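See structure below.
The values are calculated or read from the model by the stated rules, or taken from the named source; none is laboratory data. Everything numeric here is computed off the predicted structure, so don't read it as measured data. Methodologically, a virtual Cβ is constructed for each residue, glycine included, from the backbone with ideal geometry; neighbour enumeration extends over all protein chains shown.
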Amino acid sequence: MRNNLKRIAGLALMGSLLGTAGCGHTMLKPAPRVATPIAVIYTGRDISGMSDVPIGTYELPDSQVIISGHQKASRSPASMMFGVLGVVVANQIDKSGGKSAVKSVTDVLHLKLSPDAEQNLASLLGEDQFKEHFTATPVRGDPQLEFSGSIVLTFVDETQVLPAVVLHATLKQYPRNPALTEAVTLWSTRYMSSIGASKPLEGPDSWTENDAAFLKATISAELKQVMHYMLADVQEPGSRDEARRIVVAGHFPFIPDRYEIVSYDLGEDGDSIAFAPQLSDATILAGVLLVDKSQVVVRAATKGDRSKKLDPPKGM
């Protein structure tokens with residue numbers, strides 16, 4: 001019980017985007033180059049509740065949907081004044097708040113990534129771009145890329161919600177001896193995709209209108225985008241180049257506030273930009289983000305830039 005409480009207390013740090021002291025930056029590193037074909041396995045699991053989500057998130061039962069951004073108790077300094085007990089209480093309060101925030105539309109939010117993820121993976125592995133570097137069939141002793149995922153619905157204010165798909169990818173090496181089952185982790189990171197602007201969760205022109213048709217279409221597009229980028233980034237790792245540092249300002253998965261994030265520029269296409277925030281593994285945005293260019297402000301980073309929370313626009 002005590003160890004569980006310590007882990008819950010540790011999750012409180014993940015609610016703070018900038019809590020970097022004493023933490024590593026392994027998620028910031030590119031994948032190691034591998035000469036042999038990599039087997040890609042979709043595990044069907046959700047992202048880990050002990051390492052990939054901030055405290056106070058609500059996980060909708062019988063789905064792969066996580067509700068975040070609604071947290072108030074765990075973001076209050078008062079919750080930390082009472083140590084582990086304060087964190088545990090704040091966690092439960094915020095989970096209940098997340099449940100209440102989606103109560104009226106719960107029926108249409110029982111969504112899962114699994115069917116589309118499996119279909120997308122089969123399609124991607126057959127593409128000319130990937131079929132020589134990746135395989136669907138694991139070979140004992142060869143590297144294996146395992147990934148899990150969830151749908152994250154982030155309240156950016158009391159009514160507006162930003163959907164995203166978040167994957168956790170891990171490159172593993174299993175021993176050739178079948179009597180040995182323990183794998184060596186070669187590398188691990190998150191990939192997060194967010195397409196378009198936030199919308200109300202319910203009501204006219206909302207995510208849940210017409211049986212959540214627009215939400216389902218957006219999630220499907222995000223999943224395709226993030227899976228394609230994950231494979232491309234593992235096959236040809238994007239350089240984390242100090243000469244290509246940028247600052248990206250906007251709303252991001254899991255957190256309600258607007259942030260300005262110092263990052264490595266990993267490239268862009270017509271609609272989206274990819275970047276790796278210069279943040280520690282303890283922060284919830286560690287990994288690689290793919291965001292809609294129309295929803296963020298991007299500029300070149302200067303020597304003195306630091307990631308920070310932005311003040312809300314005047315009038316709010």
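The condition of being in contact (Cβ under 8 Å) with a residue 24 or more places away in the chain, acidic (Asp, Glu) and within 22 Å of Lys95 (Cα to Cα) holds for only one of Asp142, Asp157, that being Asp157. Whether a residue is modelled with pLDDT under 95 and closer than 19 Å to Trp187 by Cα was assessed, and Glu236 passes this test. Note on the stretch 211-220: among residues that are surrounded by 14 or more Cβ atoms within 10 Å (Cβ to Cβ) and hydrophobic (A, V, I, L, M, F, W, C), the one that is farthest from Val297 (Cα to Cα) is Ala212.
Of the helices (runs of 4 or more DSSP H) lying entirely inside the stretch 77-183, those containing at least 2 residues that are at pLDDT 85 or above, more than 26 Å from Gly250 (Cα to Cα) and hydrophobic (A, V, I, L, M, F, W, C) span 114-125. Among the listed residues Lys309, Lys303, which satisfies the condition of being more than 30 Å from Gly126 (Cα to Cα) and in contact (Cβ under 8 Å) with a residue 60 or more places away in the chain? Checking each option against the conditions leaves just Lys309. Of the residues screened, Ser123 is not one that is among the small types (Gly, Ala, Ser), within 26 Å of Met230 (Cβ to Cβ) and surrounded by 14 or more Cβ atoms within 10 Å (Cβ to Cβ).
Checked across the stretch 249-259, the condition of being in contact with a helix residue (DSSP H, G or I) (Cβ under 7 Å, 6 or more places away or on another chain), in a loop (DSSP other than H, G, I, E, B) and of a type in the set (A, V, I, L, M, F, W, C) holds for no residue.
Let's see how each residue does on (1) loosely packed, with under 14 Cβ neighbours inside 10 Å; (2) modelled with pLDDT under 85; (3) closer than 30 Å to Ser123 by Cβ:
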| site | (1), (2), (3) |
| --- | --- |
| Arg2 | yes, yes, no |
| Leu13 | no, yes, no |
| Gly19 | no, yes, no |
| Pro37 | no, no, yes |
| Ile41 | no, no, yes |
| Arg45 | no, no, yes |
| Ser51 | no, yes, yes |
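Of the residues making up the stretch 227-248, those that are touching a strand residue (DSSP E or B) at 6+ places or on another chain (Cβ under 9 Å), surrounded by fewer than 17 Cβ atoms within 10 Å (Cβ to Cβ) and not in a helix (DSSP H, G or I) number 2.
Looking only at the stretch 168-210, filter to residues that are free of Cβ contacts under 8 Å to residues at least 60 places away in the same chain and of a type in the set (A, V, I, L, M); which one of those is surrounded by the fewest Cβ atoms within 10 Å (Cβ to Cβ)? Once the filter is applied, the top-ranked residue is Ala179. The combined condition, being in contact (Cβ under 8 Å) with a residue 60 or more places away in the chain and in contact with a Lys or Arg (Cβ under 6 Å, 6 or more places away or on another chain), is not fulfilled by Gly238. Test Lys131 against the criterion of being among the basic types (Lys, Arg), surrounded by fewer than 19 Cβ atoms within 10 Å (Cβ to Cβ) and under 23 Å from the mean Cα position of the chain (by Cα), and give yes or no. For Lys131, the condition - among the basic types (Lys, Arg), surrounded by fewer than 19 Cβ atoms within 10 Å (Cβ to Cβ) and under 23 Å from the mean Cα position of the chain (by Cα) - is not met.
Check whether at least one residue in the stretch 265-278 is surrounded by 23 or more Cβ atoms within 10 Å (Cβ to Cβ), of a type in the set (A, V, I, L, M) and outside any strand (DSSP E or B), and report yes or no. Among the residues of the stretch 265-278, not one is surrounded by 23 or more Cβ atoms within 10 Å (Cβ to Cβ), of a type in the set (A, V, I, L, M) and outside any strand (DSSP E or B), which makes the answer no. Does Tyr191 satisfy the condition of being among the aromatic types (Phe, Trp, Tyr), within 28 Å of Ala286 (Cβ to Cβ) and modelled with pLDDT under 95? Answer is no for this residue.
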